[in-house]
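Working notes, structure below.
Values in this text are rule-based calculations from the coordinates and carry no lab data. Keep in mind it's a predicted model, so treat the numbers as computed, not measured. Don't worry about glycine lacking a Cβ; one is built from the backbone with ideal geometry, like all the others, and counts go over all protein chains shown.
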Amino acid sequence: MESGENILLRILNGGSLADKLAGSGVAFDEFFWRDGPSLGSGIPEVPARDGLLGDRSALDSGFPKLSELRVSQSARGRLLHYFANHELLAIETMALTLLKFPDAPEEFRRGLFRTLQDEQRHLRAYVTRMEAYGVGLGAVPLNLYFWESLKAVRTPLEFVAGMSLTFEQANLDFAYEFSRFFEKELSDDRTANLLREVHDDEVRHVGHGWKWFQKWKNPDAGSDYEAYQGSLTFPLTPRRARGTRLFSTDSRILAGLDPGFIREMKVAGGSRGQIPDLFWFNPACEWECSGGRVSAAMEQKIADFEPLVAWLGKEEDVILSANKPDLDFLEQVHAIRGILPEWVPEVRHLGRVPMFKNFRPWGHSPESFRVAEALGPRFQAPPRFAQASLKDWYSKGYWKRMLGTPGAVIRTEEDLVSWIAQTVESSGGEWILKSESGLSGRGHQRVIAPTIEFLRNRLKRSGSFVIEPFYEKIADFSVQYEWTDTGELLQGQPRIFFTDPSGFSYRGSCLGSKGLPEESLLEKILSVEADWRPVHLRAAEVLRSGGFHGNFGIDCLWAKDEGKAGRVVPVIEVNVRNTMGRVAIEIERSLRKRFGRGDGYWCLVSGQDLLRAGASGFVEFEQKLKERFGSRLVATTPSSRAKSTWTFALLAERDAEQIRETLGSAFFGF
């Protein structure tokens, strides 16, 4: 009786096609299987391939496009060569796994050996079909991706997560898609039938992996998806477990996968080889730097806003968040964006990612520095500025001094007396008082002709404040910037935003401007760019010289000016962090990509708005808006989760004025 281990070692160490097909057609019980470790000298660095290297000079190694497949015989052969290479890798990786884990349950090993033999049959059939298209095995470079991804797995669980539930699950989509393509578009029934056979075998293979995943998964890992995600090893991510154009739900149901797991897989993000950025939603960054306390009400608002990060980042990026939104909401966002980043609940779960490009917290803070430190040298572009700089950058007084904007920073009695002495009557006597480290309009106060005693009391209460002229505004607008890690300054288009009637609390933004009443106003703002951009560039240079890279935004004002159309106030706030204005731009970009248009409004709804609308909760309020605006309403956070604040976008179709009338002064400040 021949040794099963010898057959497996021949597969790994033999370089010919015959070696890779060794043991095919022979039942598991017809081999003798030794107990204990079987690898001898250890895991081979790479499986032998000497006899599989053909003449590659005539063929492009790129994965062929559908347009190429329609016209090129060699492109069809190249495609089948890619599939043959995957079968070869699966054979080698499965042989390695059987050798590495001789003590795994015999039922698992039997099933895996049977799967290996299926892959041998597929490989032989692919070689026959691609040769019919004039492509021999080895004519296209043979990669080692499966092998490199799985050779270091520590347990059979990690293997089934990576092979059965990732590579083979993805092949459910590829085999299904291309079987239909070869049949319907190329009239190649032989290849179509082969791909259908591969698909049907993969259904069984995925089912085998799912069965053992259920037996071995960590019962404390959460949902099946979370347990699967936690069992993957670098460089695998959930995104690797599905195709590029098609997702076959029916194939996964046939394999026995749980419906909830299937839904998670359909929207799962993750890298497919790119180095990800790491996003983290920490909007309390300014409070943290100033030593302030975040109230329970603000904590609830932060929790309501956290799902907004689903609109940020690329598919390969990672979102660090313990509060992943519900699946219904993620499916909705995915349907619009076409992608989602990968969600990871805790820093300790980031261990399988060896490298990030940028760290993108909402804003930097002592805690964000601790997170960056915990991840060690894994950022290609780590924060390069001193943590001490944050206190200045989050200070309104600092930017007033650096940019020389009108007003003053009052920290002492001498500052107050000096300001009183320099103030002239032409100011109109109306002022805005701001907390030096205030956030999003908090601590702002409009005063008329304040007495010195009034200002002394304010100084005594707050320790310092900023005083600025009051401008009778026509509109607020903001400009979003980014210093890239390579030193390039990126500038977005100005966007008009809205506050509540007090003028201090952000309520939403214009999405684009075409067809909106704000369109002509935005044109005026752009026409006087020379009046605001130089000041913005000075602020950008202050940040660059301090080592900053990342996102920041500058709030501005279009103010009334007697006898004129208005004038620009170039700086109201410098926000050295992400902003709601940036979120609005990302939402607009996604809507434009999905619907071909993105002009409309993005709004924040509060509990007071529910009372005005006669709604008992945010879910009912959303339903009322849907009844009026239909599919043009897009929930940008889930109303079912909202406790204090909900957000939505409304696309305008020649009815912007009606939208404004419906939503009223709460959003547009009139």
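How far is it, in nm, from the label point at residue 624 to the one at residue 608 when both lie 7 Å from their Cα along the line to the Cβ?
Each label point is offset 7 Å from its Cα along the Cβ direction, giving 1.6 nm.
Greater than 31 Å separation of Cα atoms is the criterion. Which listed pairs, 564/624; 217/324; 400/460; 65/593, meet it?
564/624
Please name whichever of 551, 470, 210 sits farthest to the positive end of the charge dipole of the chain, dipole taken about the Cα centre and charges placed at Cβ: Lys and Arg +1, Asp and Glu -1.
The listed residue farthest towards the positive side: 470.
Under 5 Å between amide H atoms, partner at least 5 residues away or on a different chain: which partners does residue 356 have, H built in plane at 1.01 Å?
Answer set, sorted by chain and number: 379, 380.
For the chain, find the longest principal axis of its Cα atoms and tell me its angle to the long axis of helix 580-595, 0 to 90°, nearest 10.
50
With each run of n ≥ 4 DSSP H residues scored as -39500 (n - 2.57), what mean residue ellipticity at 222 nm is computed for the chain after dividing by its residue count and rounding to the nearest 500 deg cm²/dmol?
-13500 deg cm²/dmol
Which aspartates and glutamates have a Cα less than 16 Å from the Cα of residue 391, not counting those fewer than 8 places away in the same chain?
Partners found: 286, 288, 367, 436, 573.
Mind checking the angle between helix 413-422 and the chain's longest principal axis? C-alpha axes, 0 to 90 degrees, to the nearest 10.
Value to nearest ten degrees: 70.
Where Lys and Arg each count +1 and Asp and Glu each count -1, what net charge lies around residue 244 among other residues with Cβ under 14 Å from its Cβ?
+3
Taking 0.36 nm per residue of sequence separation and subtracting the Cα-Cα distance, how much length would be gained by fully extending the chain between residue 197 and residue 420, in nm to one decimal?
Between residue 197 and residue 420, full extension yields 71.7 nm more.
Quick check on packing: order 75-85, 337-347, 243-253 by the mean number of other C-beta atoms within 10 Å, highest mean leading.
75-85, 337-347, 243-253
State, as an integer percentage, the relative contact order of the stretch 82-122 based on alpha-carbon contacts under 8 Å between residues 6 or more apart.
61
Work through the residues other than residue 547 whose Cβ is under 13 Å from its Cβ and net out their charges, Lys, Arg +1 and Asp, Glu -1.
-1
Ordered by residue, what ³J(HN,Hα) values in Hz, to whole numbers, does the stretch 215-227 give under the Karplus form 6.51 cos²θ - 1.76 cosθ + 1.60, where θ = phi - 60° and Gly and Pro are x?
Per-residue couplings from phi come out as 6, 9, 4, 6, x, 9, 7, x, 5, 4, 5, 5, 5 Hz.
When only C-alpha pairs under 8 Å and at least 6 residues apart count, what is the relative contact order of the chain, in percent?
Rounded, it is 9 percent for the chain.
Specify which residue in the list 135, 578, 496 is farthest towards the positive end of the charge dipole of the chain, using unit charges on the beta carbon of Lys, Arg (+1) and Asp, Glu (-1), about the Cα centre.
496
Under a crude label model (7 Å from the Cα following the beta-carbon direction), how far is residue 221 from residue 527 in nanometres?
Distance between label points: 6.2 nm.
(i) 22; (ii) 38; (iii) 26: which one is percent of Cα pairs over 43 Å apart as calculated from this entry?
(ii)
If you take every residue apart from residue 101 with its C-beta less than 12 Å away from the C-beta of residue 101, what net charge results, scoring Lys and Arg +1 and Asp and Glu -1?
0
Enumerate the amide H contacts of residue 365 below 5 Å, restricted to partners 5 or more residues apart or on another chain; note that Pro and chain-start residues carry no placed amide H.
none
Whole-Hz ³J(HN,Hα) for each residue in the stretch 363-380, computed from phi via Karplus 6.51 cos²θ - 1.76 cosθ + 1.60 with θ = phi - 60°, x for glycine and proline: what do you get?
Going residue by residue, I get x, 6, 6, x, 5, 5, 5, 5, 5, 4, 5, 5, 8, x, x, 8, 9, 5 Hz, with x marking Gly and Pro.
Taking a spot 7 Å from the Cα of residue 296 along the direction of its beta carbon, which residues of the stretch 619-645 have an amide N less than 17 Å from it?
643-645
Under the 0.36 nm per residue contour assumption, what length would be gained going from the current alpha-carbon distance of residue 545 and residue 462 to full extension?
On the way: separation 83, 0.36 × 83 = 29.88 nm, distance 3.07 nm.
Difference between extended and current length: 26.8 nm.
Give me the dipole magnitude in Debye, nearest 20, for the chain about the Cα centre, with unit charges on the beta carbon: positive for Lys and Arg, negative for Asp and Glu.
In debye, rounded to 20, the chain gives about 780.
I want to check the label-to-label distance for residue 655 and residue 323. Put each point 7 Å from Cα in the C-beta direction and report it in nm to one decimal.
In this crude label model, residue 655 to residue 323 measures out at 3.3 nm.
Over the stretch 539-643, what is the mean sequence separation of C-alpha contacts under 8 Å (at least six apart), divided by residue count, expressed as relative contact order in percent?
Across the stretch 539-643, relative contact order equals 15 percent.
Relative to a virtual label point 7 Å from the Cα of residue 346 in the Cα→beta-carbon direction, which members of the stretch 356-378 show backbone nitrogen distances below 17 Å?
371-372, 374-375
If amide hydrogens are placed 1.01 Å from N in the peptide plane, which non-local residues have theirs closer than 5 Å to the one on residue 475?
Residues meeting the criterion, in which the H sits 1.01 Å from N, are 558.
If you restrict to DSSP beta bridges whose two residues both lie in the chain, what percentage is antiparallel, to the nearest 5?
Numbers: 50 of 62 bridges.
So the antiparallel bridges in the chain amount to around 80 percent.
Would you please put 594-605, 610-621, 86-97 in order of how densely packed they are, using the mean number of other Cβ atoms within 10 angstrom per residue and starting with the highest?
86-97, 594-605, 610-621
If I take R0 = 22 Å and measure r between the Cβ atoms of residue 355 and residue 493 in this structure, what FRET efficiency does the formula 1/(1 + (r/R0)^6) give, to the nearest 0.05?
0.10
Could you tell me the center-to-center distance, by alpha carbons, between the stretch 147-182 and the stretch 5-29 in angstrom?
21
Cα axis of helix 327-337 to longest principal axis of the chain: angle in degrees, 0 to 90, nearest 10?
Between helix and principal axis, roughly 80 degrees.
Which order, highest average first, do 255-264, 479-488 follow once you tally other Cβ atoms within 10 Å for each residue and take the mean per peptide?
255-264, 479-488
About its Cα centre, what dipole magnitude does the stretch 97-223 give when the only charges are +1 on Lys and Arg Cβ and -1 on Asp and Glu Cβ, stated in debye to the nearest 20? Show your work: numbers first, answer last.
Details: 17 positive and 20 negative charges, 77 e Å.
Value, rounded to 20: 360 debye.
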